[in-house]
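Student: So that we are looking at the same thing, I have put the structure below in structure tokens.
The values are calculated or read from the model by the stated rules, or taken from the named source; none is laboratory data. These numbers were taken from a predicted model, which means no experiment stands behind them. Don't worry about glycine lacking a Cβ; one is built from the backbone with ideal geometry, like all the others, and counts go over all protein chains shown.
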Amino acid sequence: MREKLSSITGSTPILRLIKNTRDFLIQWHKYLKPKELITICNKKTVFGTRGALMSQFTILGIMGFSLRIHSFYEGEEEYHSHPRHFVSVGLVGSYREKLMSGFERIIKPGTFTFRKATDTHNVTPIKLPCITLALTTPVIRQWEKFNLKNSTYET
């Protein structure tokens, strides 16, 4: 099939969809861990330099896709991008999101957000408790952190 896709000179929408799906599955398989096949009721706390930033409560995860509740505690100075795409909705409280591009907004209950894994942002809770519901895709890349004050970058 790879030879057939690469030998096609005229690209139609359906062929692009097939190729993009194949590329996604290759990346998905590369990062999928055995524990991500099925996850039920799992909690993970994320720590920053000043302590706990947030907790992630995975309600259900199947084949790397996850339905989670995020509870934010602290803001962070660093900007970061994620290892997976996600869509979220604010449930309780509010937070300020700043994109590295300079765009800034307040996320309140009922506000929907979609972020690609490559979108670099910073999150600071305003009103606690600050809770969102998120649907995440499988991991497709590593975490990346950017500190604009001292121009550092880490993966």
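Student: Being farther than 20 Å from Thr120 by Cβ and charged (D, E, K, R) is the filter here, so list the residues in region 43-93 that pass it.
Tutor: Those that are farther than 20 Å from Thr120 by Cβ and charged (D, E, K, R): Lys43, Lys44, Arg50, Arg68.
Student: Look at region 93-123 and say how many of its residues are aliphatic (A, V, I, L, M) and surrounded by fewer than 17 Cβ atoms within 10 Å (Cβ to Cβ). If you could, list the steps in order and put the result at the bottom.
Tutor: Going residue by residue through region 93-123, those that are aliphatic (A, V, I, L, M) are 99-100, 106-107, 117, 123.
Going one step further and asking which of them are surrounded by fewer than 17 Cβ atoms within 10 Å (Cβ to Cβ), we end up with 99-100, 106.
Total meeting the criteria: 3.
Student: Only one of (1) at pLDDT below 95; (2) exposed (fewer than 11 other Cβ atoms within 10 Å of the Cβ) fails for Val139. Which number is that?
Tutor: The number of the failed condition is (2).
Student: Check off (1) outside any strand (DSSP E or B); (2) touching a residue at least 12 places away in the same chain (Cβ under 8 Å) for Pro125 and give me the number that stays unchecked.
Tutor: (1)
Student: When you scan region 66-75, do you find a residue that is assigned to a strand (DSSP E or B), surrounded by 14 or more Cβ atoms within 10 Å (Cβ to Cβ) and of a type in the set (Asp, Glu), even just one? Walk me through it before giving the result.
Tutor: The first filter runs over region 66-75 and keeps only residues assigned to a strand (DSSP E or B), leaving 66-72.
Subsequent filtering for residues that are surrounded by 14 or more Cβ atoms within 10 Å (Cβ to Cβ) retains 66-72.
Those still in the list that are of a type in the set (Asp, Glu) too: none.
No: zero hits.
Student: Still on this structure: Considering only region 45-97, how many residues are under 16 Å from Cys130 (Cα atoms) and among the charged types (D, E, K, R)?
Tutor: Count: 5.
Student: To continue, here is another question. Counting only residues that are in contact with a Leu (Cβ under 9 Å, 6 or more places away or on another chain) and in a strand (DSSP E or B), how many does region 97-114 have? Before the answer, list the steps.
Tutor: Step one: of region 97-114, the residues in contact with a Leu (Cβ under 9 Å, 6 or more places away or on another chain) are 100, 105, 109-110.
From what's left, in a strand (DSSP E or B): 105.
Matching residues across region 97-114 total 1.
Student: Something else: So Ala117 fits all but one of (1) within 19 Å of Thr136 (Cβ to Cβ); (2) at pLDDT below 95; (3) assigned to a strand (DSSP E or B); what number is the exception?
Tutor: (3)
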